[in-house]
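Presented below is the structure to which this report refers.
The values are calculated or read from the model by the stated rules, or taken from the named source; none is laboratory data. All figures in this text were calculated on a predicted structure; none of them were measured in a lab. Cβ coordinates were reconstructed from backbone atoms using ideal geometry, including for glycine residues, and neighbour counts include every protein chain displayed. Just so you know, the surface numbers come from the protein's heavy atoms only, side chains and all, with ligands and any DNA or RNA stripped out. Shrake-Rupley method; radii C 1.70, N 1.55, O 1.52, S 1.80 Å.
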Amino acid sequence: MSSWDTKFDFIIGNPPYIRYENIPKEALNSYKVKFYTFHYRCDLYVLFYEHCLRNLSKNGRHCFICSNRWLKNEYGRKLRALISSSYKLEYIIDVEKLDVFKESVLAYPSITLISNTEIDKNVKIVTVRNLKELKLPLSTTQKEIRNSENWDYLFVSEDIDDLTTIEDQGFKVGIGVATGADKIFISTELEYIVEKELLLPIVNAKDLTGNEFRTRGLRILNPYDSSGNILDLSKYPKAKKYLESFKPILESRHIVKKGRVWYSLIDKIKPQIIHQPKILLPDISGNNMIFIDYGSYYPAHNIYYITGNSISQLEQLAAVLMSKFVKKQIEGISNRMNGGFPRWQSQSIKRLRIPRIATIPTKLSFKLIRAYHNRNIEEIDSIVNDIIRIQIESTTPCRQDIQKSLFDYNFSENIVAPGFGIQ
């Protein structure tokens with residue numbers, strides 16, 4: 001990037017998008033030294049923001065139309081911190097819901113206006129759903145930047161400050177196994193080709209479509225022993241013959257070029273995960289339903305999963321994640337892709353704020369579980385709204401009687417319900 005001996009009053013542009021893995025290694029090393037905002041696996045456009053902001057004159061204004069991913073993703077953390085600490089973010093104009101592309105796209109743009117003036121934490125948010133809405137005056141919502149690196153609350157309308165995260169409640173968020181060669185290591189035909197003791201049942205996102213959990217008999221070839229050591233293929237002649245038929249393809253993978261054994265997976269498999277009850281969240285999904293595997297499958301790399309606590313608490317958590325409250329929140333804090341679906345990603349799942357599952361009284365938790373098993377989303381929404389209202393109100397000093405009213409909640413219905421999911 002060029003160095004200038006002058007400052008600019010106005011900088012307007014649409015910077016180039018170049019993903020981290022496509023940036024030459026020599027350039028990566030240079031950028032990491034030169035740019036404060038080069039963080040995690042950031043896209044090159046992030047550095048254009050920093051470079052241009054550093055060259056704004058006093059009272060200068062900077063306006064980019066650009067991918068909106070930096071506003072929410074981990075790789076935008078340091079850019080958000082830079083803007084919060086040194087500039088005034090005047091506008092975020094969200095055009096994510098504006099259908100301006102003829103084809104499905106992998107990312108959506110936003111327009112940001114940033115000024116080199118006295119720091120002001122107030123920012124105007126504009127959501128555009130129609131091109132005509134871009135005509136002035138814009139309809140804005142004013143919000144305040146309260147955390148320099150996390151701007152989630154700029155994009156959600158719900159009151160989430162008094163709620164807590166999933167992992168703070170003892171649950172764990174994970175992602176399924178990446179192989180680097182799914183067509184070789186995952187198949188329904190492997191049980192006829194390699195030793196059966198090397199195979200594990202696996203579930204992927206395609207098994208969780210159309211609001212149904214339908215497994216297709218997929219198996220993954222696990223090239224590791226119970227201690228995580230790579231297997232000696234000489235002891236498994238069928239697997240050896242099979243994998244050697246794909247050796248040139250497997251050797252061409254990045255992990256092998258970095259020194260891994262040629263038939264390694266990107267991730268080591270931990271077989272105990274199969275037997276753990278877990279909520280399954282496909283990366284990109286239009287499902288209304290969220291399913292639980294009660295201990296039968298290993299998740300593939302396009303599925304995030306949540307484990308921990310009791311099955312009862314997992315079912316309550318799954319119900320909460322199906323609620324409109326969470327859906328609106330995930331739509332706000334995650335990036336929309338592939339036709340507008342929000343993404344279940346580890347970083348956004350971990351940032352969700354939800355009611356504390358362990359403090360839901362028994363009667364109300366039974367009702368929530370029943371609604372989950374009956375796939376009654378309307379009832380789930382009603383129950384979740386009550387739980388959130390009561391938990392938020394119970395944190396205020398003037399509502400000391402709120403917990404008692406929760407336990408006195410009137411339940412006369414039969415709470416027995418059929419289960420769904422895979423046992």
Exercise for the section: Working only within the stretch 66-95, note down all residues that are part of a helix (DSSP H, G or I), closer than 30 Å to K132 by Cβ and not small (G, A, S). Expected result: R69, W70, L71, I83
Fill in the blank from the handout: Residue count, the stretch 222-259, condition more than 22 Å from L200 (Cα to Cα) and not in a helix (DSSP H, G or I), comes to 4
Problem - T215 open to solvent by 40 Å² or more (accessible area, probe 1.4 Å), under 30 Å from I292 (Cβ atoms) and touching a residue at least 40 places away in the same chain (Cβ under 8 Å) - result: yes
Completion exercise
The residue that is surrounded by the most Cβ atoms within 10 Å (Cβ to Cβ), considering only those in the stretch 1-54 that are touching a Cys at 6+ places or on another chain (Cβ under 7 Å) and of a type in the set (V, I, T), is I11
Exercise for the section: Output the residues belonging to the stretch 138-158 that are touching a residue at least 24 places away in the same chain (Cβ under 8 Å) and charged (D, E, K, R). Expected result: R146, E149, D152, E158
Exercise for the section: Determine whether the stretch 321-343 contains at least one residue that is closer than 30 Å to F185 by Cβ and part of a helix (DSSP H, G or I). Expected result: yes
Practice task
Could you tell me whether L243 is in contact (Cβ under 8 Å) with a residue 24 or more places away in the chain, out of contact with any strand residue (DSSP E or B) (no Cβ under 6 Å at 6 or more places or on another chain) and either surrounded by 13 or more Cβ atoms within 10 Å (Cβ to Cβ) or small (G, A, S) (or both)?
Solution key: yes
Practice task
Starting from residues that are open to solvent by less than 30 Å² (accessible area, probe 1.4 Å) and of a type in the set (D, E, K, R), keep the ones in the stretch 170-212 and report whichever is modelled with the highest pLDDT.
Solution key: E195
Problem - Tabulated pairs, the stretch 356-375, first farther than 10 Å from S312 by Cα, second in a loop (DSSP other than H, G, I, E, B) and acidic (D, E), C-beta under 9 angstrom, 6+ apart or interchain - result: K367/E413; R370/E413
Handout entry: One residue from G286, G295 being in a loop (DSSP other than H, G, I, E, B) and in contact with a His (Cβ under 7 Å, 6 or more places away or on another chain)
Key = G295
